[in-house]
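Peer 1: Starting off with a structure, shown below.
The values are calculated or read from the model by the stated rules, or taken from the named source; none is laboratory data. Predicted, not measured: the structure shown is a model, and the values here were computed from it. As a convention, Cβ positions derive from the backbone with ideal geometry for all residues, glycine included, and neighbour counts pool all protein chains shown.
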Amino acid sequence: MSDWTIDRAVTELLGREADRRDGGRITDEWPGLDLPTAYQVQDALLQRKVDSGEKVVGVKLGLTSRAKQQRMGIDSPLTAWLTDAMVLPEGVPVPMDELIHPRVEPEIVFVMGERLAGPGVTAATALAAVRSVHAGFEVIDSRFTDFKFTLPDVVADNASSSRFVVSGTSLPPEGLDLALEGCLLGINGEITDSATGAAVQGHPAEALALAANSLGERGIAIEPGWIVLTGGLTDAVFVEPGREISAEFTHLGTLRVVGA
């Protein structure tokens, strides 16, 4: 009989985050941590953050690539929460002294203009609810050693959420072919990877629809003004002091972050 509970899992994960320490998988000690229970942990973790003064500003998707889903044995992305404490203003260095082992991945970001509630949301109806499209970076920082976790572990850990950057440059979704929107990932000026928006569920709007429908099953809607990180376009790269990571998009501009 496990002595783990939702409350204990939340306390453990928040403690790791506050103390900048990683640790073993919770599922190794709590076999009963299945996916539905993990989302209960995630929601309870969010409530603790809100109770401490943070404000929900949006949602993110994780495991949006088919290859990552196959490795984790799932057929759709996971969702997690964004709060105002995670916002990293454009041009501000990644605060490595506040994080454990941060990695960065480029993303196509939506800012919502209308409320979006599942079920039954399609990519077309999802995109119609978007106000603006931006380049973005997510800084992920797992509370598990070496980023090694099961699916319930990472869901409980709010999908390794840590910080995110959204470009001040925006475009309306109309007229953009986001499946073909290219991204060149660079490290210290050298291109190391590339992708298009099709890397995210075939189209970022498909990811947005999946998020709306998944949240809808839990009675949650995506609200106007919320930020939606649609998922990493490339593999994440480690942040290091002085290392500049850039994402050059076809139409959405160029975004840069540096570790400090």
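Peer 1: Does any residue of segment 190-203 turn out to be crowded, with 19+ Cβ neighbours inside 10 Å, in contact with an Asp or Glu (Cβ under 7 Å, 6 or more places away or on another chain), modelled with pLDDT of 95 or more and of a type outside the set (S, T, N, Q)?
Peer 2: yes
Peer 1: May I ask you to list the residues in segment 106-146 that are of a type in the set (A, V, I, L, M), in contact (Cβ under 8 Å) with a residue 60 or more places away in the chain and either in a helix (DSSP H, G or I) or surrounded by fewer than 16 Cβ atoms within 10 Å (Cβ to Cβ) (or both)?
Peer 2: Once the filter is applied, which keeps residues that are of a type in the set (A, V, I, L, M), in contact (Cβ under 8 Å) with a residue 60 or more places away in the chain and either in a helix (DSSP H, G or I) or surrounded by fewer than 16 Cβ atoms within 10 Å (Cβ to Cβ) (or both), segment 106-146 yields Ala123, Ala124, Ala126, Leu127.
Peer 1: Just one of the numbered conditions (1) at pLDDT 95 or above; (2) over 15 Å from Val165 (Cβ atoms); (3) more than 18 Å from the chain's Cα centre (by Cα); (4) of a type outside the set (D, E, K, R) is not true of Ala38; which one?
Peer 2: Of the numbered conditions (1) at pLDDT 95 or above; (2) over 15 Å from Val165 (Cβ atoms); (3) more than 18 Å from the chain's Cα centre (by Cα); (4) of a type outside the set (D, E, K, R), the odd one out for Ala38 is (3).
Peer 1: Next question. In segment 204-235, what count of residues is obtained for those that are within 23 Å of Leu184 (Cβ to Cβ), among the aliphatic types (A, V, I, L, M) and surrounded by fewer than 17 Cβ atoms within 10 Å (Cβ to Cβ)?
Peer 2: 0
Peer 1: Could you give me the residue pairs with C-beta distances under 7 Å whose first residue belongs to segment 1-21 and is under 16 Å from Ser142 (Cβ atoms) and among the aromatic types (Phe, Trp, Tyr), whose second residue is part of a loop (DSSP other than H, G, I, E, B) and modelled with pLDDT under 95 wherever it lies, and which are 6+ apart or on separate chains?
Peer 2: Correct list of pairs: empty, since none qualify.
Peer 1: Okay, moving on. For the subset of segment 81-100 comprising residues that are closer than 24 Å to Glu248 by Cα and part of a loop (DSSP other than H, G, I, E, B), which member is nearest to the chain's Cα centre (by Cα)?
Peer 2: Among those residues, the one meeting the criterion is Leu88.
Peer 1: When residues of segment 161-189 are filtered for being of a type in the set (Ser, Thr, Tyr) and modelled with pLDDT under 95, how many remain?
Peer 2: Qualifying residue count for the region: 1.
Peer 1: Here are some conditions: (1) under 14 Å from Ala159 (Cα atoms); (2) surrounded by fewer than 18 Cβ atoms within 10 Å (Cβ to Cβ); (3) among the charged types (D, E, K, R). Glu29 meets all but one. Which one does it not meet?
Peer 2: For Glu29, the failing item is (1).
Peer 1: Give me a count of the residues in segment 228-260 that are in contact (Cβ under 8 Å) with a residue 24 or more places away in the chain and on the phi > 0 side of the Ramachandran plot.
Peer 2: Qualifying residue count for the region: 2.
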